[in-house]
1. Across region B:1-26, what is the number of residues that are touching a strand residue (DSSP E or B) at 6+ places or on another chain (Cβ under 9 Å), in a loop (DSSP other than H, G, I, E, B) and surrounded by fewer than 24 Cβ atoms within 10 Å (Cβ to Cβ)?
2. Name every residue in region B:41-57 that is at the interface with chain A (Cβ under 10 Å from one of its Cβ atoms) and either out of contact with any strand residue (DSSP E or B) (no Cβ under 8 Å at 6 or more places or on another chain) or touching a residue at least 60 places away in the same chain (Cβ under 8 Å) (or both), in order of residue number.
3. Would you be able to say whether some residue in region B:79-96 is more than 23 Å from residue A:107 (Cβ to Cβ), touching a strand residue (DSSP E or B) at 6+ places or on another chain (Cβ under 6 Å), at pLDDT 95 or above and at the interface with another protein chain (Cβ under 10 Å from one of its Cβ atoms)?
4. Can you name the condition, by its number, that residue A:51 falls short on among (1) surrounded by fewer than 24 Cβ atoms within 10 Å (Cβ to Cβ); (2) within 12 Å of another protein chain (Cβ to nearest Cβ); (3) assigned to a helix (DSSP H, G or I)?
5. Looking at B:24, B:64, which is the one that is facing chain A (nearest Cβ under 10 Å), touching a helix residue (DSSP H, G or I) at 6+ places or on another chain (Cβ under 8 Å), modelled with pLDDT of 95 or more and over 15 Å from residue B:146 (Cβ atoms)?
6. Kindly establish whether residue B:38 is facing chain A (nearest Cβ under 8 Å) and part of a helix (DSSP H, G or I).
7. Can you tell which of A:88, A:39, A:120 is modelled with pLDDT of 95 or more, crowded, with 22+ Cβ neighbours inside 10 Å and more than 22 Å from residue B:72 (Cα to Cα)?
């Protein structure tokens, strides 16, 4: 006799994720899908997918999904949300997508207070194109385009997206989390849930930044990569709530 | 039908609203700013969405989002702004999303100036963005025509799920003329079962142009190519020709209009001059132009560019017929007299 204690979220298809071992995209996908289910939003959700490793989101989520050009997801989501009454709209973006090529789009969506959720996956590297320096690459970190390590005198400093966007009046909620251990996954889930509530209560722009491991891009075994997130990334990108205007009861 | 006096930009804006356009995204750029002004006031009145974006890059991606959500959407810009939109236009084509785009062309390249030009013909009709595609392009030559073209464009773009560009120029955008505005509600948005409206009672819809497998992408491209062939149904042109023309004049938009004056004057002097005006620039009225040109001793092309449509005309007109060209660019509009003199000298020199 056996009881099923865990099942795949209804908002996910049966398609198996293609992500590398130790990559955190799968966990983050699941957290978002579970929350869509919890709020019974599958039939109202429209996801705007990124370019990068998560470009296959449209095959993984059993919701309506639109592709967006690299960096442009906040502009696409802005329009979808504005023309679609009562729909739930989120973007899922990586650091190259959101913090480099799409900086204008994310800044202005935040400044306008677009009532969308942004799930921002920061793994400090361009994963899909083969591990190049990202705007969030840590000082000293070796990548395919900083073979000697990121020299801040030459390549500048990492962009701290949560800190940058929090001051905008249009922003209702920003939290930085990680998913490197079960404890943190639970915390991250509550951040996702909160971001959803901010949109559902029409409070404006919300963003959850996930510090995420890229074992392949970083050249590390999965366990070391998870540890590296905790020990190194959190120093550059401290976890915590950067903005919270408050929800209605 | 109401007949009113309107500026080209405003007539195009009002025509869009009457066609059921319910979302407009824009960014200020001269010489089409009156269009965005007009939309900022009229769109909310009509119950639609108006948004001034942070750049033309964002604008075209907002157009993409609204189109993906299934509503009638439009944007307008001028040459440098349309250059910034090319990425998004390629994505619209790849994802087969309908949208109406207006380019009120100005002088280029670079920042150029804000005067009328026709130097974006290549960009508009030959692809513009990356990938194998061409954009449906219509060129009006009067305010009234521009308005009805915008109105019809919403049906055409939905019919093919392919963006439509209205290629106007600074002169057409700025002049005021009597215009018969199309009726509100006669044109209705089509039912879009592919649109993103939430997967309620149907399988989830996906809007994308990503096909990692080469065979899949080839198949998608073949499907697009097949679709493009059907767009030949939208070929439009105007001709006023005879069987024994000494010269056939080919021009579009504002230049066609100016040339009409010169042609009238020459005809008054007993010269046999025909005029052919492509209205759809892509698909181009190839067979019509070919048969018209075969009735002429020579062909004369004039554009506010240094010869862009000229390349299509040369490709179509049989080799034994000489094609002459006269272009002004940089925002200079040729005068009727200037074109008259040019034509007259061609006629006097003979063939």
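The values are calculated or read from the model by the stated rules, or taken from the named source; none is laboratory data. All of these numbers come straight from a predicted model, not from anything done at the bench. Methodologically, a virtual Cβ is constructed for each residue, glycine included, from the backbone with ideal geometry; neighbour enumeration extends over all protein chains shown.
1. Residues flagged as touching a strand residue (DSSP E or B) at 6+ places or on another chain (Cβ under 9 Å), in a loop (DSSP other than H, G, I, E, B) and surrounded by fewer than 24 Cβ atoms within 10 Å (Cβ to Cβ) within region B:1-26 amount to 2.
2. Within region B:41-57, B:54, B:55, B:57 meet the criteria.
3. So far as region B:79-96 goes, yes, one or more of its residues are more than 23 Å from residue A:107 (Cβ to Cβ), touching a strand residue (DSSP E or B) at 6+ places or on another chain (Cβ under 6 Å), at pLDDT 95 or above and at the interface with another protein chain (Cβ under 10 Å from one of its Cβ atoms).
4. In the conditions (1) surrounded by fewer than 24 Cβ atoms within 10 Å (Cβ to Cβ); (2) within 12 Å of another protein chain (Cβ to nearest Cβ); (3) assigned to a helix (DSSP H, G or I), residue A:51 misses (3) alone.
5. Selected residue: B:64, the only one of B:24, B:64 that is facing chain A (nearest Cβ under 10 Å), touching a helix residue (DSSP H, G or I) at 6+ places or on another chain (Cβ under 8 Å), modelled with pLDDT of 95 or more and over 15 Å from residue B:146 (Cβ atoms).
6. no
7. A:120
Here's the yes/no breakdown for (1) closer than 22 Å to residue B:166 by Cβ; (2) free of Cβ contacts under 8 Å to residues at least 60 places away in the same chain; (3) more than 19 Å from the chain's Cα centre (by Cα):
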site: B:264; (1), (2), (3): no, yes, yes
site: B:284; (1), (2), (3): yes, no, no
site: B:332; (1), (2), (3): no, no, yes
site: B:344; (1), (2), (3): no, no, yes
